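Everything on this sheet refers to the single structure shown next.
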Amino acid sequence: MNFRKFKVIFFDLGGVLVKVDVKKFYRNVALYTGQSVEHVVQTAKDFFPDAEKFERGLITSNEFYDLVFREHYFKINYDQFRRAYVDIFNLKKDVFEIAQTLKRNYRISIISNTDVLHYNYIEQNFAVLQIFDHPTTSFETHSLKPEKKIYNHALKKFNLPPGACIFIDDKEENVAGAQSLGMAGIHFLGAEDLKQKLSTMNVI
């Protein structure tokens, strides 16, 4: 493949550019509520459908809080919930360095299944993410990877055909979703593996 074929390289956010520590959320909630971590984990299984609605942008953060915490009788106020919910990320500096290198020759962007609280926290606390052009999120498009709508929305922002783009994600089903539209896909397994795959594609 000739590197000039590609114009935009899309990155997933959670799991690729930032590390997500869901267990920290459970610990935070347990700390605020006085419940055991085990109880919080067990209860969390019940609100996965509500979390999906939140990621799709179908409910607000306040509505999500009401559904998850008031319905499950956790005694935690909204500010405590928000702090517990968002403080679970760390930047993957090695992957960000790859993105910086790619930006010399390509436009780089993001396609992410995320909600407005998580995205705003990452944007505010990891200013380095400002190097990415026109990010696309699930809450913005009301769709989740691997649904075609979210990829098409991202492509439309750049007015490019799928074949001019690469998509990087840590979940194989999301990579397959991009490939079904004609995008080149890379299953992310780590920074060094990503470098090797990009090198094989003559991208770096």
Residues (under 17 Å from K157 (Cβ atoms) and either surrounded by fewer than 17 Cβ atoms within 10 Å (Cβ to Cβ) or among the aliphatic types (A, V, I, L, M) (or both)) located in the range 100-114
K103, I108, I110, I111
Which condition from (1) of a type outside the set (K, R); (2) closer than 25 Å to A44 by Cβ; (3) without any contact (Cβ under 8 Å) to a residue 24 or more places away in the chain; (4) not in a loop (DSSP other than H, G, I, E, B) is the one that I59 breaks?
(4)
Kindly provide the set of residues from the range 111-154 that are closer than 17 Å to C165 by Cα and either among the aromatic types (F, W, Y) or modelled with pLDDT under 95 (or both), ordered by number.
F132, Y151
Being farther than 30 Å from L198 by Cβ, surrounded by 13 or more Cβ atoms within 10 Å (Cβ to Cβ) and within 17 Å of the chain's Cα centre (by Cα) narrows it down to one of E63, E52, so name that one.
E52
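Kindly provide the set of residues from the range 14-71 that are basic (K, R) and either in contact with a Cys (Cβ under 7 Å, 6 or more places away or on another chain) or closer than 30 Å to V128 by Cα (or both), ordered by number.
First, pick out the residues of the range 14-71 that are basic (K, R): 19, 23-24, 27, 45, 53, 56, 70.
Result: K19, K23, K24, R27, K53, R56.
Does K195 fit the bill of being in a helix (DSSP H, G or I), modelled with pLDDT of 95 or more and within 17 Å of T137 (Cα to Cα)? Full working, then the answer.
Details: in a helix (DSSP H, G or I): yes; modelled with pLDDT of 95 or more: yes; within 17 Å of T137 (Cα to Cα): no.
No.
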I'm trying to understand the selection: among the residues of the range 66-104, which are in a loop (DSSP other than H, G, I, E, B), modelled with pLDDT of 90 or more and over 15 Å from the mean Cα position of the chain (by Cα)?
K103, R104
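The values are calculated or read from the model by the stated rules, or taken from the named source; none is laboratory data. No experiment lies behind these values; they were computed from the predicted model shown. Reconstructed Cβ throughout: ideal geometry from the backbone, glycine too, with neighbour counts over all protein chains shown.
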